[in-house]
Amino acid sequence: MNQIGLVGLGVMGRNLAWNLADHGLSVVAYNRELELVDEVLALRPGAITPAADLAALADKLQPPRIILVMITAGRPVDLVLEALAPHLDRGDVVIDGGNSHFLDTRRREAWCAERGLDFVGMGVSGGEEGARHGPSLMPGGTPAAWQRLRPILEAIAARTEAGPCVTHVGPDGAGHFVKMVHNGIEYADMQLIAEAYDVLRRLGHLDPPALAEVFAGFDRGPLESFLIQITARIFTVADPRGDGWLIDQVLDQAGAKGTGRWTVETALELGVAIPSIAAALDARVISSDKAARVAAARLLPAPPPPPDAPPVPPRTELAALVHDALLGAKILAYAQGMALVGAASDRYGWAIDRRELARIWKGGCIIRARLLDRIMRAYERDSALPALTLDPPIGATITEVEPRWRRLVALALSHGIPVPAMSASLAWYDAHRTAELPQNLTQAQRDAFGAHTYRRKDAPGDAVHTDWLG
């Protein structure tokens with residue numbers, strides 16, 4: 001009898017299966033395309049026991065069963081769950097390790113609970129390498145299910161000096177919600193790095209080897225992170241089909257999967273502003289229309305910088321400006337993500353510990369970064385911190401980098417170089433620190449054209465209507 005079952009042997013599924021086997025767990029696996037099972041078995045003979053169908057998989061598991069599902073999110077998860085349920089018993093646990101929408105996870109957990117089953121929506125981050133050697137894991141579900149799964153998940157998760165990169169995030173859809181926000185932050189981080197690259201390339205005229213050197217330098221300081229590390233390495237890869245560098249041959253069209261869009265949609269529904277993440281999503285959407293951009297580039301050339309535009313500084317100074325803009329905007333991307341987690345935790349009663357999220361994101365996951373140590377400390381000082389910017393050390397860092405961040409954004413815009421995420425982050429910061437915003441005029445306009453009422457500063461509890469246009 002096997003200790004854990006696995007449904008789905010794609011890239012993530014097979015690597016998690018091997019990770020489980022490396023830690024002494026006996027794994028039985030099923031995949032709808034049976035030829036894929038043969039391929040995986042041939043790669044590591046004896047590591048995994050195959051199952052011909054879901055019934056056989058359930059039969060080969062010791063009770064109470066634990067089954068990890070690693071398949072495409074959406075309807076396929078429902079189909080597998082419905083097919084599995086007749087072969088399961090009360091107390092069995094089914095884990096969905098894909099990128100499912102958290103509302104689907106809430107529905108599935110309720111469906112399973114009616115049948116005496118535990119359903120756990122679990123975020124898995126780290127890509128192929130993480131799944132194989134140690135991902136960051138974000139399980140939801142009941143506390144009882146967590147206690148059963150904890151030894152297994154702690155064994156296969158990445159580890160840092162702060163412990164295994166897994167925690168019980170919270171009940172029902174909390175795990176998948178947190179993974180969704182993780183991916184939203186990832187969108188923003190990647191876009192910010194892309195903007196930094198674009199400014200250095202177009203204003204500083206840095207070639208890929210010089211860019212590799214700059215980003216490697218960034219990685220030795222407060223910007224140290226997995227994404228900065230791989231960026232530096234990307235710039236060192238030669239084009240295998242000819243002279244030059246491979247990065248220069250990559251088509252500039254980016255896709256956007258569900259998690260980025262869901263993050264923005266959910267933030268709107270919860271009333272949380274996440275402009276850094278939204279700008280990153282918009283940038284991908286704009287990039288996808290290559291034909292329109294090529295046509296616009298011919299018809300709408302960038303104007304020359306105005307006479308009073310700031311001059312382009314020498315390469316070393318430009319890199320320093322980019323560094324500080326990247327650091328400030330990155331902090332705000334994490335701040336917006338954590339604010340969204342806090343709002344959802346309040347809405348759904350999840351009691352998510354954001355300090356724990358920073359801890360488990362320190363290793364294994366795509367957004368792992370030195371900055372997460374500082375975020376951990378911030379939530380240790382105040383677990384209910386309404387905004388990361390209000391933590392004194394983090395606020396001091398933003399204040400320190402703000403002047404150079406502003407210079408960099410102004411420099412880019414004056415030369416017609418789009419920096420949507422850096423600009424959006426700065427605009428969010430300016431609005432966030434402004435006690436009096438111009439939405440008093442917005443409210444007056446709404447009342448003038450639609451009698452929507454407004455509230456007076458001297459009597460904020462009362463809704464007032466005025467005939468502004470009479």
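The values are calculated or read from the model by the stated rules, or taken from the named source; none is laboratory data. Source: prediction; values computed, not measured. For neighbour counting, all protein chains shown are included, and Cβ atoms are generated from backbone atoms with ideal geometry for every residue, glycine included. Note: accessible area is taken over every heavy atom of the protein model, side chains too, but ligands, DNA and RNA are not part of it. Shrake-Rupley method; radii C 1.70, N 1.55, O 1.52, S 1.80 Å.
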Practice prompt. Within region 12-60, count every residue that is touching a residue at least 40 places away in the same chain (Cβ under 8 Å) and either more than 21 Å from Glu154 (Cα to Cα) or basic (Lys, Arg) (or both).
Written response: 6
Item to complete: Spot the failing condition for Ala145; the list is (1) among the small types (Gly, Ala, Ser); (2) closer than 20 Å to Val94 by Cβ; (3) not in a helix (DSSP H, G or I), and only one is missed.
Response: (3)
Item to complete: Could you look through region 70-114, keep only residues that are in a loop (DSSP other than H, G, I, E, B) and hydrophobic (A, V, I, L, M, F, W, C), and pick out the one that is nearest to the chain's Cα centre (by Cα)?
Response: Ala73
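Would it be correct to say that Ile360 is touching a strand residue (DSSP E or B) at 6+ places or on another chain (Cβ under 6 Å) and either open to solvent by 20 Å² or more (accessible area, probe 1.4 Å) or basic (Lys, Arg) (or both)? Outline the logic, then answer.
Details: touching a strand residue (DSSP E or B) at 6+ places or on another chain (Cβ under 6 Å): yes; either open to solvent by 20 Å² or more (accessible area, probe 1.4 Å) or basic (Lys, Arg) (or both): no.
Considered against the rule, which asks whether it is touching a strand residue (DSSP E or B) at 6+ places or on another chain (Cβ under 6 Å) and either open to solvent by 20 Å² or more (accessible area, probe 1.4 Å) or basic (Lys, Arg) (or both), Ile360 comes out as no.
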Item to complete: State whether the residues of region 175-184 include one that is part of a helix (DSSP H, G or I), out of contact with any Ser or Thr (no Cβ under 8 Å at 6 or more places or on another chain) and either of a type in the set (Asp, Glu) or free of Cβ contacts under 8 Å to residues at least 24 places away in the same chain (or both).
Response: no
Worksheet entry | Every residue from region 119-148 that is closer than 22 Å to Gly349 by Cα and open to solvent by less than 10 Å² (accessible area, probe 1.4 Å) | Phe119, Val120, Gly121, Met122, Gly123, Leu137, Met138, Pro139, Gly140, Gly141, Ala145
Worksheet item: Does region 311-336 hold any residues that are within 16 Å of His432 (Cα to Cα) and either in a loop (DSSP other than H, G, I, E, B) or of a type in the set (Val, Ile, Thr) (or both), and which are they?
Response: Ile331
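Counting only residues that are part of a loop (DSSP other than H, G, I, E, B) and basic (Lys, Arg), which one in region 363-374 is most open to solvent (accessible area, probe 1.4 Å)? Don't jump to the end; show me each part of the working.
Restricting attention to region 363-374, the residues satisfying the condition of being part of a loop (DSSP other than H, G, I, E, B) are 363-368, 370.
Next, from what is left, pick out any that are basic (Lys, Arg): 368, 370.
On the way: Arg368: 66, Arg370: 100 Å².
So the residue we want is Arg370.
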Item to complete: Would you be able to tell me the number of residues in region 126-142 that are under 15 Å from Asn99 (Cα atoms) and assigned to a helix (DSSP H, G or I)?
Response: 3
Practice prompt. Would you check if there is a residue in region 276-285 being among the polar types (S, T, N, Q) and open to solvent by less than 60 Å² (accessible area, probe 1.4 Å)?
Written response: yes
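Quick one: would you say Pro386 is without any contact (Cβ under 8 Å) to a residue 24 or more places away in the chain and either farther than 30 Å from Arg202 by Cβ or of a type in the set (A, V, I, L, M) (or both)? If you could, list the steps in order and put the result at the bottom.
Working: without any contact (Cβ under 8 Å) to a residue 24 or more places away in the chain: no; either farther than 30 Å from Arg202 by Cβ or of a type in the set (A, V, I, L, M) (or both): yes.
In short, no.
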